[in-house]
Amino acid sequence: MTLKTPITLLFLVLMLMVASVYGWRLLSEDAPPLSDLTAPEPTCRTKQISSGSQLRSNQVTVNVYNAGSISGLADSTMRSLTRRGFLSGLVENAPAKTRTNNVLVLDPQPKSASVRLVTTQFDGRVEVRRNSDDLADGVDVFVGDDFQGFDANAKTSVAVRNRTNVCVPIDPTS
C-alpha cells in the first residue's frame, strides 16, 4: 500500500465533514421574516379610454394559450398578433380542461372593446366566454387544433362604446 491511498482517504473524509457542517448550518438557520419580502413591481398601468375614441391594438395585451396538440401553435399565433401591433403577454399551454376547436377568448368583460378587437383578428368561429378567474393581465386567447388563421382584412382599432380601462405596460427604462 502506498502513502497516496491513506492521504486521499483522509482528504475525502475531511471534505465530507466540512460539507456536513456547512449543510447543517444552512438547514438550521432561521428563515427571513415574511415582512422582508416585497410585492412585485406592477408590470402595467391602467389607462382609461373614453367612449367614442379608438382603442388601438398597441393598447391591448394578449395572452395566447395552446389548447390543442399542435406544438408551437400558441407561439406562432402570438407572433402574428404582435405583428398586428398587439402587446405580447403570456404564451403557454392551456390549463388541462380548456379545449377549443378554432379560437376561444376568455375575459371577465366579454363585451369589452379589447375583446371585440381581438376577436376580429381571427378567421372562422371565435367563441367568447366570461371568465371570472382571469389567468393574466390582458385578453386570454386559446387556440385549438382546428385553428383557421387570421383575417387578412381585420382592423387594428375599434371604437370604444363605453368607457373602458386598459392595462398598458410600463416602460422599464423610464
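Observations
- For segment 82-99, the set of residues classified as at pLDDT below 90 and of a type in the set (Ser, Thr, Tyr) consists of Thr98 only.
- Residues of segment 128-141 that are at pLDDT below 90 and of a type outside the set (A, V, I, L, M, F, W, C): Asn131, Ser132, Asp133, Asp134, Asp137, Gly138.
- Being farther than 18 Å from Asp134 by Cβ and out of contact with any Pro (no Cβ under 8 Å at 6 or more places or on another chain) holds for only one residue in Ser76, Ser112, and it is Ser76.
- Residue check for Gly144: touching a Leu at 6+ places or on another chain (Cβ under 8 Å) and modelled with pLDDT under 90: no
- Within segment 52-80, being in a strand (DSSP E or B) and not polar (S, T, N, Q) holds for Leu55, Arg56, Val62, Val64, Tyr65.
- Pair list, Cβ under 7 Å, 6 or more apart: segment 123-141 residue more than 21 Å from Asp75 (Cα to Cα), other residue assigned to a loop (DSSP other than H, G, I, E, B): Arg129/Pro110; Arg130/Pro108; Arg130/Pro110; Asn131/Pro108; Ser132/Pro108
- Members of segment 97-135 that are surrounded by 14 or more Cβ atoms within 10 Å (Cβ to Cβ) and among the small types (Gly, Ala, Ser): Ser112, Ala113, Ser114
- For Gly144, the conditions (1) within 18 Å of Gln54 (Cα to Cα); (2) out of contact with any Phe, Trp or Tyr (no Cβ under 8 Å at 6 or more places or on another chain); (3) of a type outside the set (A, V, I, L, M); (4) buried (at least 17 other Cβ atoms within 10 Å of the Cβ) all hold with the exception of (1).
- Scanning segment 142-165 for residues that are of a type in the set (Lys, Arg) and touching a residue at least 60 places away in the same chain (Cβ under 8 Å) turns up Arg161, Arg163.
- Residue satisfying condition, being at pLDDT below 90 and basic (Lys, Arg), within set Arg125, Arg163: Arg163
- Strands (runs of 3 or more DSSP E) enclosed by segment 81-174 - at least 3 residues per element that are under 16 Å from the mean Cα position of the chain (by Cα): 87-93, 103-107, 139-143, 164-169
The values are calculated or read from the model by the stated rules, or taken from the named source; none is laboratory data. None of these values were measured; they are calculated from a predicted model. Every residue, glycine among them, receives a Cβ derived from its backbone with ideal geometry; neighbour counts consider all protein chains shown.
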